[in-house]
Amino acid sequence: MNINLKKAQRLIYIIAFILATSAMASTAPWWIGTPTKLIRKTLMVSEVGLDRLPVYTLTFEIPHDGEFTGRTQSFEKVRIDYGEVVKMVIPNYKPKSYSMSALRAEESEFDVTLKIYPNGRASGYLDRIQIGETVNAFGLRNEKTRNPGKFFGGIAYGVGITEILPMARFELEKGDAERVVVLWASRTKA
């Protein structure tokens, strides 16, 4: 192979690399999410010392101008009945999974219910968001399927009830399950 051919191949490689990396830089990664506005914050359980931490339901407006790529999906497509989750993008941390506790697509809003932990990186950040402010978020498509049958059993601990209750409700509404059982444990009384 002569020297000019090697230089030409190297130049083509460099140009291809520059084009590929500049294209990646102009496209935001799928896990960035879309700005999602907090419209309500409801205290569900008040704090009582260290034994009982506060629980809030945060109501967000469903954004209609977001771009969803990769494994992300718009919020109105999240299947609560399949246990799909919403990811909240916490600055300087990974996107954190939360179960939707309600989806009201006709009103363009959804709820996330969470316990606020002392020094909690994700829950603390969400607790500090004020009404009208936004957090980047996205629905996560995880290709779950439903296995219909005569029995549905769900087990939850603590705030994990926010995922199981909507799933159990949907199973009752679908009508093919003859028995729906939820086992829930909590360290303290609600």
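What the table shows:
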read-out: Tilt relative to the chain, helix 161-174 - C-alpha long axis, 0 to 90 degrees, to 10; value: 80
read-out: The range 54-158 - accessible surface per residue (Å², probe 1.4 Å); value: 52
read-out: DSSP-assigned coil residues among trypsin sites (Lys or Arg not before Pro) in the range 113-149, each with at most 11 further Cβ atoms within 10 Å; value: Lys144
read-out: Gain upon complete extension [Ala102, Asn4; 0.36 nm per residue less C-alpha separation]; value: 28.8 nm
read-out: Degrees between helix 3-26 axis and first principal axis of the chain (Cα, 0 to 90, nearest 10); value: 30
read-out: Cα gyration tensor category, rounded, prolate or oblate, for the range 129-190 with a/c compared to 1.5; value: oblate
read-out: Greater than 27 Å apart at Cα, pairs in Lys96/Lys144; Lys94/Lys150; Lys87/Lys115; value: Lys94/Lys150
read-out: Fraction of accessible area attributable to carbon and sulfur, the chain (%, probe 1.4 Å); value: 56
read-out: Bins of 10 Å, starting at 0 and running to the largest distance - Cα pair percent for the chain; value: 8, 28, 29, 17, 7, 6, 4, 1, 0
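The values are calculated or read from the model by the stated rules, or taken from the named source; none is laboratory data. The structure displayed is predicted, hence computed values, not measured ones. Note that we place each Cβ from the backbone using ideal geometry, even for glycine, and neighbour counts take in every protein chain shown. We work out accessible area using only protein heavy atoms, side chains counted, and drop any ligands, DNA or RNA first. Shrake-Rupley method; radii C 1.70, N 1.55, O 1.52, S 1.80 Å.
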